[in-house]
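Undergrad: Mind looking over this structure? Questions follow.
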Amino acid sequence: MVDRCLGALRNTIALEMPPGNGMDHAMTQTASKPARRRQTNRPDIRANLIAATEGLIREEGYGAATARRIAEQVGLKHQVIFYYFGSHDDLLIEVYRKVAAQHRERLVAALGSATPLTSLWEAIREPEMVRLTLEFTALANHNDKVREEVAKTTEEIRRLECDGIMIHLRERGIDPRMSPQTVSILSNATARFLAQEASLGIELGHDEIERLIEGSFRAFELSGDTTEEMQPLVSVMRESTQD
């Protein structure tokens, strides 16, 4: 009786189990599922996202550079930004670093030229660079991560400018009445202020200020001699402080 019951139980189990053992069945099911494709990191997509972001900021301002707008520019979904950069903020910082690196290269070339101070002024006041600088400065007022990056990079570039100016002055034996730091700050501040006003259609007095700065820098490059068109800026300021 017991043997008959055990035999019946074996037959039932054999009928319910799939062909082969349980492991074979599991392997068959696993093999039948298509393998998931692993996403690869493509440098071209990363570069395109950076270029698209920069383009939007140049054309429409930083407010237009949203994750969705950026992704639309390259024909992808906005999640791609987080895959390649981790966050939208990190993408904006990468764009700023790219712009800052290009500006740094222009400054190095200017400071190494035969007319380092006038070339420096031309690099500082380059319209597109000024516009981007103003956009990232405005963005930094609302974004802590961008603010930290802008502050760090600005100080690095200021040190570069100051070192270049000091080397030029020492090579020509010029004893300036104004420190290189002051020259750097006034030059950059003036360039940005003129650009802001020009964007609003305000140009009254711009030519005079530009002649004053350019004449002052040419005078420095001539070992302190004054120009025929305009007294150097340092002399003008010295006279005004003595009045």
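The values are calculated or read from the model by the stated rules, or taken from the named source; none is laboratory data. The model shown is predicted, which means the values in this text are computed figures rather than measured ones. Please note: Cβ atoms are built from the backbone with ideal geometry, for glycine as well, and neighbour counts cover all protein chains shown.
Undergrad: Against the condition within 15 Å of the chain's Cα centre (by Cα), more than 26 Å from Glu197 (Cα to Cα) and either modelled with pLDDT of 90 or more or not in a loop (DSSP other than H, G, I, E, B) (or both), how does Glu148 come out, does it pass? Let's see the steps before the verdict.
TA: Working: within 15 Å of the chain's Cα centre (by Cα): yes; more than 26 Å from Glu197 (Cα to Cα): yes; either modelled with pLDDT of 90 or more or not in a loop (DSSP other than H, G, I, E, B) (or both): yes.
Criteria met by Glu148.
Undergrad: So, Arg177, is that one assigned by TED's automatic domain parsing to the domain that holds Glu122 and either modelled with pLDDT of 95 or more or under 20 Å from Ser119 (Cβ atoms) (or both) or not? Can you show your working first?
TA: Numbers: assigned by TED's automatic domain parsing to the domain that holds Glu122: yes; either modelled with pLDDT of 95 or more or under 20 Å from Ser119 (Cβ atoms) (or both): no.
Taking the combined requirement at face value, the residue does not satisfy it.
Undergrad: If you don't mind, there's one more thing I want to ask. Please go through the stretch 170-218 and pick out each residue that is in contact with a Phe, Trp or Tyr (Cβ under 7 Å, 6 or more places away or on another chain) and farther than 21 Å from Arg104 by Cβ.
TA: Quick first cut of the stretch 170-218, residues in contact with a Phe, Trp or Tyr (Cβ under 7 Å, 6 or more places away or on another chain) only: 174, 187, 213-214, 217.
Across the stretch 170-218, the qualifying residues are Ile174, Ile213, Glu214.
Undergrad: Just need a number here: residues in the stretch 53-100 that are touching a residue at least 60 places away in the same chain (Cβ under 8 Å) and either over 23 Å from Glu128 (Cα atoms) or more than 16 Å from the chain's Cα centre (by Cα) (or both).
TA: 0
Undergrad: Moving on to the next point. Restricting attention to the stretch 164-218, and to residues there that are among the basic types (Lys, Arg) and assigned to a helix (DSSP H, G or I), which single residue is nearest to Met129 (Cα to Cα)? Full working, then the answer.
TA: Filtering the stretch 164-218 down to residues among the basic types (Lys, Arg) leaves 170, 172, 177, 192, 211, 218.
With assigned to a helix (DSSP H, G or I) added as a condition, the list becomes 170, 192, 211, 218.
Numbers: Arg170: 29, Arg192: 10, Arg211: 21, Arg218: 23 Å.
By that ranking, first place goes to Arg192.
Undergrad: Are any of the residues in the stretch 154-164 in contact (Cβ under 8 Å) with a residue 24 or more places away in the chain, under 18 Å from Leu92 (Cβ atoms) and touching a Gly at 6+ places or on another chain (Cβ under 9 Å)?
TA: no
Undergrad: Quick check, is Ala101 at pLDDT 95 or above and closer than 24 Å to Ile167 by Cβ? Break it down stepwise before answering.
TA: Working: at pLDDT 95 or above: yes; closer than 24 Å to Ile167 by Cβ: yes.
Answer is yes for this residue.
Undergrad: Have a look at Ala100, Ala114 and point out the one that is assigned by TED's automatic domain parsing to the domain that holds Ile185, within 30 Å of Val183 (Cβ to Cβ) and part of a loop (DSSP other than H, G, I, E, B). Full working, then the answer.
TA: Details: Ala100 fails: part of a loop (DSSP other than H, G, I, E, B).
Just a single option satisfies the conditions, and that option is Ala114.
Undergrad: Which residue out of Arg68, Arg104, Arg97 is in contact with a His (Cβ under 6 Å, 6 or more places away or on another chain) and of a type in the set (D, E, K, R)?
TA: Working: Arg104 fails: in contact with a His (Cβ under 6 Å, 6 or more places away or on another chain); Arg97 fails: in contact with a His (Cβ under 6 Å, 6 or more places away or on another chain).
After ruling out the rest, the residue left standing is Arg68.
Undergrad: Can you find a residue that is closer than 30 Å to Ile167 by Cβ, small (Gly, Ala, Ser) and assigned to a helix (DSSP H, G or I) anywhere in the stretch 71-89? Steps first, answer last, please.
TA: Taking the stretch 71-89 as the starting set, the residues that turn out to be closer than 30 Å to Ile167 by Cβ are none.
Looking through the stretch 71-89, none of the residues is closer than 30 Å to Ile167 by Cβ, small (Gly, Ala, Ser) and assigned to a helix (DSSP H, G or I).
Undergrad: Which of the residues that make up the stretch 115-153 are of a type in the set (A, V, I, L, M) and over 20 Å from Glu210 (Cα atoms)?
TA: Leu132, Ala138, Leu139, Ala140, Val146, Val150, Ala151, listed by residue number.
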